[in-house]
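First comes the structure, then the notes that go with it.
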Amino acid sequence: MKSFYPKDRYPKFDDIRSIVLHSGHAFGGKPFYKFINTKNEVEELSYTDFSNNVIALTTALCSMGLKGKRIALLSETRPEWLQIYIATVCADAVIVPLDKELMTEQICDFISFAECEALFCSESFMEKGRELFNSVDCLKYISVIKDTEEKPLEVSEISSILSEKESTFKKLLRFGKLLVAAEDNSFYDIVPNIDKECAFIFTSGTTGTSKCVMLSQRNLCSCIYSSANLTPFDEKVVLLSVLPLHHTYETSCGMLTAYVIGATVCLNNSLKYVLRNLKKFQPTAMILVPLFVQTIYKKIVDEIRKKGKEKTVSMGVKITKTMRKAHIDLRRKFFAEVIDSLGGRLEHIVCGGAPLDPELVERFEEFGIKVQQGYGITECAPLLAVNPSNRIKYNSVGLPAYECEVKILITEEGEAPRYAEAGEIGEVITKGQNVMLGYFNNDQANKDAFTEDGYFRTGDLGYFDSEGYLYLTGREKNLIILANGKNVYPEEIEEYIYRIDLVKECVVVARKNTLDEQVITALIYPDYDALAGLDNNEIQARIKEEIAQVNKKLPSFKQIRNIEIKKTEFVKTTTKKIKRAGL
């Protein structure tokens, strides 16, 4: 089984500070970040400057008495975000990234629960940040990330910044640089405790019930080690970052991994401009969730259909498949128009966060773009499994990440729990270097989250094949058990529905009929643009026709018996997972 793993190319770092020192030296003046500034120009931040900023910011935090404290971060995606995250960790403090989409009241509750003493917020959230500062008792300091230029900090002003309750990121950074120039060695003097909490991550999941995950530097470094070595990314890669940074998936597998391997990260400034920024930055890779992959593919298909090139593309797929058998790969030439619509250089997509239809993996590969599906959960920092780039299985989430053990737990009524054999479906459980320290101040949740022998219970259902590849079948809490005892995994049926061009979003649930029987029901938000001109009855009829075709591919007990058409999109998390609670 080990032979399926690619050979390691990057070392395991013991702590985050070691990564800062390594990357600043190894990659020097190379751009780490490319981003669009307020003048709508592309600006760059080198590895040297980024690492020096982290060192200065860490030094400033220590001087201000924030070493070992808890620091909240509320901002859109921007270069300062990761600098603050890493500097906080290096200052032996705890970073608390917050979802910018949350209501002020929710953010207030999270900051209070985590007992944060400082808050970094961007100028966009300055009003909300000041409201929080004035209403949360534990907050003692606020720093605002502004784009406007500020006058240089004079040496004579150093003492004043220590007494200020509000400052700016730039002022704090200049303060740190003055301290470093004066030979303040705080950054180097701190002895990292890699088994102490360094990040608090609030997980909303899809239930609306948040828990506060405590991650350590050991957890993060283990995830980075797996992510760096199980993907084919290297210092030549140009990533376009589109996912929200407060989610560990983007932070660990995107930003921190890129920082280790020397990649260049281009920051997408708005979801509205993803396609525009693909052309502007011309990335070679992206880290996405399934909804983004589905959306990109549907846009490709729509363009092919509009130009009347369905037969041409279909013939091209057949020709290139035949040529590849003879080790001649001309996919990117045959489908240059498709590749150009995605910036012209996109070669690789890593997808996680939710199950991905394996057919999409195959469709993108036909165009010459490799989709590497993985699996993670916040409580595991988050990487648990990923398809090794040298041996991808379309419908699997891959092999277990390094330094963690993954098993399938079978629990049946009246029988003792046991570990599954290959092919048996049960709950995915794990133990290892990437598994969280626990939930902050939540004894009951911690008790429920772990087995008696210390394995973390993911709540996901799946199985292993004979080669050790992991397959997910759904979430345990979403499982539908029919009156005849049959188990139905709604995610499996949703994969089929998403292949319907007229469907934008869907969720499969069980509804009770007049006989009090569980009925498989599809909640569907149609593509109203594609159905323009049709009334509600006609839309219902068209969708019903398509669902009838889906049912022909399903065994009778899994077939969809009822359809509900939605007028509006489903409520989603910021990583575009549909919230199922209350549906």
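The values are calculated or read from the model by the stated rules, or taken from the named source; none is laboratory data. On a predicted model such as this, the values are computed, not experimentally measured, just so you know. Every residue, glycine among them, receives a Cβ derived from its backbone with ideal geometry; neighbour counts consider all protein chains shown.
A few remarks follow.
- Residues that are under 17 Å from the mean Cα position of the chain (by Cα) and at pLDDT below 95 were ranked within the stretch 213-232; the one that is surrounded by the most Cβ atoms within 10 Å (Cβ to Cβ) is 230.
- Residue selected from the stretch 548-583 under the condition exposed (fewer than 11 other Cβ atoms within 10 Å of the Cβ) and of a type in the set (Gly, Ala, Ser), by the criterion farthest from residue 506 (Cα to Cα): 556
- Residue in the stretch 88-101 that is in contact (Cβ under 8 Å) with a residue 40 or more places away in the chain, exposed (fewer than 15 other Cβ atoms within 10 Å of the Cβ), outside any helix (DSSP H, G or I) and not aromatic (Phe, Trp, Tyr) present: yes
- Figure legend. Inter-residue proximity from the stretch 397-421: first residues among the basic types (Lys, Arg), second residues in a loop (DSSP other than H, G, I, E, B) and at pLDDT below 95, beta-carbon distance below 8 Å, spacing 6+ or different chains. Indicated pairs: 407/420.
- Residue match in the stretch 35-47 (condition: in a helix (DSSP H, G or I), surrounded by 20 or more Cβ atoms within 10 Å (Cβ to Cβ) and not assigned by TED's automatic domain parsing to the domain that holds residue 393): yes
- Selection within the stretch 417-450 - modelled with pLDDT of 95 or more and of a type in the set (Val, Ile, Thr): 428, 429, 430, 435
- Residues that are within 20 Å of the chain's Cα centre (by Cα) and assigned to a loop (DSSP other than H, G, I, E, B), drawn from the stretch 329-368: 346, 347, 352, 353, 354, 355, 356, 357
- Of all the residues in the stretch 170-203, those that are at pLDDT below 95 and among the aromatic types (Phe, Trp, Tyr) number 2.
- Just one of the numbered conditions (1) in contact (Cβ under 8 Å) with a residue 12 or more places away in the chain; (2) closer than 20 Å to residue 397 by Cβ is not true of residue 338: (2).
- Taken together, the residues in the stretch 174-191 that are assigned to a loop (DSSP other than H, G, I, E, B) and in contact with a helix residue (DSSP H, G or I) (Cβ under 8 Å, 6 or more places away or on another chain) amount to 2.
- Qualifying residue in the stretch 255-278 (condition: within 27 Å of residue 435 (Cβ to Cβ), under 16 Å from the mean Cα position of the chain (by Cα) and of a type in the set (Gly, Ala, Ser)): yes
- Hey, residue 514 among the hydroxyl-bearing types (Ser, Thr, Tyr), at negative phi, at pLDDT below 90 and not in a helix (DSSP H, G or I) or not: yes
- Across the stretch 222-252, the number of residues qualifying as more than 19 Å from residue 289 (Cβ to Cβ) and either out of contact with any strand residue (DSSP E or B) (no Cβ under 8 Å at 6 or more places or on another chain) or in the same structural domain as residue 6 (by TED's automatic domain parsing) (or both) comes to 7.
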